Amino acid sequence: MRYHIVGNMKKYDAIVIGAGHNGLVNAAYLARAGKSVLVLEKRDLVGGATVTEEIVPGFKFSVFSYVVSLLRPEIIEELELPKHGLQLLALDGTFTPLPDGRYLARWHDGERTRQEIRRFSHNDADNYDRFGLHMHHMSRAVRELLMMRPPEPSSLKPSDLAGFNQLARHFKGLGNQRFYDLVRLMTASATDYLDRWFECDPLKATMSASGIIGTFLSPRSPGSAYVLLHHYMGEIDGVSRSWGFAKGGMGSVAEALASAARSYGVEIRTGAGIERILTKNGRATGVALDSGEEIEADQIASSLDPKRTFLKLIEESDLPADFVTGVKRFKIRGSSGKVNLALSELPNFTCLPGEGAHLRGSISISPSMDYLERAYDDAKYGRFSRRPYMDILIPSTIDPSMAPPGKHVMSIFVQYAPYQLQDTTWEDQREAFGDAVIDTLAEYAPNLKNAIIGRQVVSPWDMEQRIGLTEGNIFHGELTLDQLFFLRPVAGWAQFKTPLDRLYLCGSGAHPGGGVMGAPGKLAALEMLRT
Amino acid sequence: MAKRDVVVIGGGHNGLTAAAYLARAGKSVVVVEKRDAVGGLAGTYELAPGFRASVGPDLAGLLSAEVIADLELKRHGLEIFPLDPIVSTPEGLTLWRDVANSVEAIRKHSPKDADSYPEFVALVDTLAAFLKPLLTKPAPTPDIQSGADLLELLRLGWGFRRLGKQAMHELLRILPMSLSDFLDEWFENDLVKAALAGPGLEGICLGPRAAGTAALFLYQRLGDNPAIAKNLAASMDAAVRSHGGVVRTGDGVSAILIDEAKLSGRVRGVSLENGETIEATQVLSSVSPRRTFLELLDPVWLGPSFVSEINNIRYRGVTAKLDLALDKLPDGCNGVLHVGPSLDFLERACDAAKYGRASNEPFLRAVVPSLADPSVAPAGKHVMSVLIQYVPVGTSIAAEKVIAALGLTDSVLHQHMWTPSDYEREIGLPDGSLHHGEMALDQLFFMRPVPGWSQYETPVEGLFFGGAGAHPGGGITGVPGRNAAHALVKQRV
């Protein structure tokens, strides 16, 4: 028994709202430090957006998030996730089929990749590794910022001044060239940034696509270069820039986290939705569940997004007006959807027929910069992209347990799918969106349509309905410069604390932001343990 | 010609400003301007007999008050006419210098926006006041070499702290934002948002949804904007001459000459297109980065990384200008006329430019300089200057379309269109970029013209760079020219 009994109520040291990956990381770190922790999850399974579900019998879908690359290595190590069942399988490269019958492939093997790129451009083949090394250095330059508590610029507190001192020393240590390049990365568009290195259109398009994932930006929008970096920051087993797939689907990441958390004594209750956060005299004191039950705790950590946390679970009058304005202004536009397919056979790409390594990595529908830009133009005015950008995985080629023998599951991440549709709703448009995705993909792999046994279309609206992501934004708020670091989620409140004493934010809406990274969960736990 | 202290390349407003400061500091200066008239974009030309129009955008409200005072430009004939209203639209929205009047005007379109407006203006003024010294002095360098650099940073930090917590947060948040996100936070009415957004998009190949456009919007609010200038180039030219400087027109510089006796090179003057050589101890270029470093210099003196950075500067001019001689003015042509009723309209206008096409439905900003300065047109007649976006370099747009959109079909006597390609060919603006390099976040401040070279020096000893391609950028401010002149004077020869 790690909790204490107060009257006839249990009282925990901490309650964590939401059992997504950040909530679980947060709970695990708190319990590891000796706290009694209760995690409350509305759904019947843990994981939030990090789940595996059997939507079509026998076929396991990573319904929402689908790759592991950002998960912080120190979290994997400190929480001993491999011991709790986490097994990461490397993806072999990226395959970009092109409408003219050619394809661009990048493999794990550097020399093969150079050969592939050389078919398009000698310059780009020569630059490719230099660029990779450059981005590796840049991501190291940023990693330190990600894993620190953002200092508050208006504060003269020793801890904040020390934070700025650390920043200053960090920038100084980078040297001028890298500092300037960091500034450029933070402000330039992915296109402009890549134009400095490469000339091959499909290569630039495929690379810049990682700069737009989850954001309502196009590769030509200033600020998209930063997200490019965000996606370069992945590390698996110490190898930078590896993308991985979790054996058993993304749900096994959540399972491993939950198992680790339980091993430290965390109690996890599923089917326990929160009605509101209880407050008293400007302090969070506990939570009230949908069932009417009330549970008290010394500290509350919400891993839900900032809008849900502050606008749905708390009375506006309990929060300072300018904070509420800040939360309302926080941009959380959903821009992406998922289509998950159960397939009777593998897709057969016209440009590279048959089975092969290209089906064991990421397949990117991003033939040109203009293609991506046009996809964005649709979304700007409230339509889903008629010809969308897609990032596709066929997990069953890497992990056969995901589908019945001989059959396959395909995960298609799709952009752009704006949450706000012009003059219509997602309930009306969901299947039309799914059709647009499949029609587009079938142009490259004509056998696709006949191979579909079952399909699941997940719009941003569905993400909001099913897993509570406001507007279906997968990052709990866009990763743009005005919403990062000491501005995330609201200026003055970037240190995981909130205007309500003892209430903390530990989800992707907090610094350093989204992706299956775990950093907000861990940093918030450290902050909670400090008090 | 005898050896000079300084040759200034380019007789645009920055070149003239730099030359005037240098002459005033006792240097013997010669300005070399390729065209027959001085002023570059800030100059004027005869649109038709009796009608004069500006070469570039007419709005001169950003011209630094310090430059005007230091160079005594008013004594030399400069007149500034502030415009009021500051913007008006065909849909009937008019914004005035006076906030209370604007509030009443907005109320007809949205009571909610009318209530938000005063607070919005107050915030913008606060932020602009903080940014002003930052954008009129040389950009602080992150590369701290001396106590002076450190002091400059500390001063900046102090000014920042004095903003107070809330404005401090707002500044950090707003600078990287898009104009549409920024305006959406304050206003609900499409027309109000679009009318306010106009200036923040001038000269850049970005729509209101592009991050960083809020910063350009603040930049355009730094001065007494909008205003029309009379005798702008002429007064600067007179200021140069009054201090003994020489201004030569009709001769272009063909190369910057290097004294090779010194291993790393050092300027020794310039050669002209007519074959003449002008020897000088120092050279200050106010022409574009591309012209200065890639065409007038042998790259061997610059080094590969500098050359590569200069090569990568984005210009992307997208602004065309239509000058009209008008028989009569329709009603309501006061101030800045803005045609572009919503942010989506402005964004759509930019969409075509992304694919290299001219916009089918461009957004227009027009002024009537003859209302402020009747001397530019015969009595009773008028000159109107219309900025048209987005028209990428290499494309054009039919003047009739613009004239029709403005409802002027019956009153046009003469017209002249400047496309970005015309600006490139005649004024030497790379890709027709009015700002000598796109004013996007990654090309501003200590990143301008290229990272590490924001202090007006160049890799070549004795060569200084003070055009709009330098910090703080484009617009008729005079600031790059003045700052470059200061940097030059400071250098020990």
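Would you check if A:PHE433 is touching a Gly at 6+ places or on another chain (Cβ under 9 Å), over 30 Å from A:ALA321 (Cα atoms) and assigned to a helix (DSSP H, G or I)?
yes
If I ask for residues that are farther than 12 Å from B:ALA139 by Cα and out of contact with any helix residue (DSSP H, G or I) (no Cβ under 8 Å at 6 or more places or on another chain), which ones from region B:427-462 would you list?
B:HIS435, B:GLU438, B:GLN443, B:GLU461, B:GLY462
As an exercise: evaluate A:TYR193 against (1) under 25 Å from A:MET369 (Cα atoms); (2) within 14 Å of another protein chain (Cβ to nearest Cβ); (3) in contact with an Asp or Glu (Cβ under 8 Å, 6 or more places away or on another chain) and give the number of the one condition it does not meet.
Answer for A:TYR193: the failing condition is (3).
Does region B:312-334 contain any residue that is more than 23 Å from the chain's Cα centre (by Cα) and either among the polar types (S, T, N, Q) or within 14 Å of chain A (Cβ to nearest Cβ) (or both)?
No, region B:312-334 contains no residue that is more than 23 Å from the chain's Cα centre (by Cα) and either among the polar types (S, T, N, Q) or within 14 Å of chain A (Cβ to nearest Cβ) (or both).
Within region B:351-375, which residues are of a type outside the set (S, T, N, Q), buried (at least 24 other Cβ atoms within 10 Å of the Cβ) and either assigned to a helix (DSSP H, G or I) or within 14 Å of chain A (Cβ to nearest Cβ) (or both)?
The one that is of a type outside the set (S, T, N, Q), buried (at least 24 other Cβ atoms within 10 Å of the Cβ) and either assigned to a helix (DSSP H, G or I) or within 14 Å of chain A (Cβ to nearest Cβ) (or both): B:PRO369.
Quick one: which residue in B:ALA229, B:ALA210, B:ALA261 is farther than 19 Å from B:ILE86 by Cβ and open to solvent by 20 Å² or more (accessible area, probe 1.4 Å)?
Only one candidate qualifies: B:ALA261.
Here is a list: A:PHE433, A:PHE475, A:PHE485. Which entry is within 14 Å of chain B (Cβ to nearest Cβ) and either open to solvent by 10 Å² or more (accessible area, probe 1.4 Å) or of a type in the set (Phe, Trp, Tyr) (or both)?
Step by step, each of A:PHE433, A:PHE475, A:PHE485 is checked, and only A:PHE485 is within 14 Å of chain B (Cβ to nearest Cβ) and either open to solvent by 10 Å² or more (accessible area, probe 1.4 Å) or of a type in the set (Phe, Trp, Tyr) (or both).
Please work out which one of (1) under 25 Å from the mean Cα position of the chain (by Cα); (2) open to solvent by 10 Å² or more (accessible area, probe 1.4 Å); (3) at pLDDT 95 or above is the condition B:ASP251 fails and give its number.
(3)
Could you list all residues from region B:142-174 that are under 25 Å from the mean Cα position of the chain (by Cα) and more than 9 Å from chain A (Cβ to nearest Cβ)?
B:LEU156, B:LEU171
Being touching a helix residue (DSSP H, G or I) at 6+ places or on another chain (Cβ under 6 Å) and within 20 Å of A:THR531 (Cα to Cα) is the filter here; which residues of region A:267-307 pass it?
Selection gives A:THR279, A:GLN299, A:ALA301, A:SER302, A:SER303.
Among the listed residues A:TYR193, A:TYR180, A:TYR226, which satisfies the condition of being open to solvent by less than 20 Å² (accessible area, probe 1.4 Å), among the aromatic types (Phe, Trp, Tyr) and within 19 Å of B:PRO142 (Cα to Cα)?
So the residue among A:TYR193, A:TYR180, A:TYR226 that is open to solvent by less than 20 Å² (accessible area, probe 1.4 Å), among the aromatic types (Phe, Trp, Tyr) and within 19 Å of B:PRO142 (Cα to Cα) is A:TYR180.
Search region A:373-387 for residues that are touching a residue at least 12 places away in the same chain (Cβ under 8 Å) and pair each with any residue that is open to solvent by less than 10 Å² (accessible area, probe 1.4 Å) and among the aromatic types (Phe, Trp, Tyr) when their beta-carbon atoms are under 7 Å apart and the residues are at least 6 apart or on different chains.
A:ALA375/A:TYR389; A:ALA375/A:TYR416; A:TYR376/A:TYR416; A:ASP378/A:TYR416; A:ALA379/A:TYR416; A:PHE384/A:TYR416; A:PHE384/A:PHE433; A:SER385/A:TYR416
Only residues that are open to solvent by less than 10 Å² (accessible area, probe 1.4 Å), within 30 Å of A:TYR389 (Cβ to Cβ), away from chain B (no Cβ under 14 Å) and not hydroxyl-bearing (Ser, Thr, Tyr): list them for region A:295-339, please.
A:ASP305, A:PRO306, A:GLY334, A:GLY337, A:LYS338, A:VAL339
Mind checking which residues of region B:61-98 are aliphatic (A, V, I, L, M) and part of a loop (DSSP other than H, G, I, E, B)?
B:LEU62, B:LEU63, B:LEU71, B:LEU73, B:LEU78, B:LEU83, B:ILE86, B:LEU93
Would you call A:PHE171 more than 8 Å from chain B (Cβ to nearest Cβ), open to solvent by 20 Å² or more (accessible area, probe 1.4 Å) and at pLDDT below 90?
No; evaluated as a whole, the condition is false for this residue.
Return only the number of the condition from (1) within 14 Å of another protein chain (Cβ to nearest Cβ); (2) touching a strand residue (DSSP E or B) at 6+ places or on another chain (Cβ under 9 Å); (3) of a type in the set (Val, Ile, Thr) that A:VAL457 does not satisfy.
Among (1) within 14 Å of another protein chain (Cβ to nearest Cβ); (2) touching a strand residue (DSSP E or B) at 6+ places or on another chain (Cβ under 9 Å); (3) of a type in the set (Val, Ile, Thr), the lone unmet condition for A:VAL457 is (1).
Can you name the residue in region A:196-223 that is β-branched (Val, Ile, Thr) and not in a helix (DSSP H, G or I) and is also surrounded by the most Cβ atoms within 10 Å (Cβ to Cβ) among such residues?
A:ILE212
For region A:340-384, which residues satisfy the criterion of being outside any helix (DSSP H, G or I), in contact with a helix residue (DSSP H, G or I) (Cβ under 6 Å, 6 or more places away or on another chain) and within 14 Å of another protein chain (Cβ to nearest Cβ)?
The answer is A:SER368, and nothing else.
What pairs come up if the first residue lies in region B:59-71 and is farther than 15 Å from B:GLY475 by Cα and open to solvent by less than 10 Å² (accessible area, probe 1.4 Å), the second is modelled with pLDDT of 95 or more and of a type in the set (Val, Ile, Thr), and their beta carbons are under 8 Å apart, counting only those six or more places apart or on different chains?
B:LEU71/B:THR17
The values are calculated or read from the model by the stated rules, or taken from the named source; none is laboratory data. The shown structure was predicted, so the numbers you read here are calculated from the model rather than taken from an experiment. Backbone-built Cβ (ideal geometry, glycine too); neighbour counts: all protein chains shown. Side chains are part of the model used for accessible areas, which takes the heavy atoms of the whole protein and leaves out ligands, DNA and RNA. Shrake-Rupley method; radii C 1.70, N 1.55, O 1.52, S 1.80 Å.
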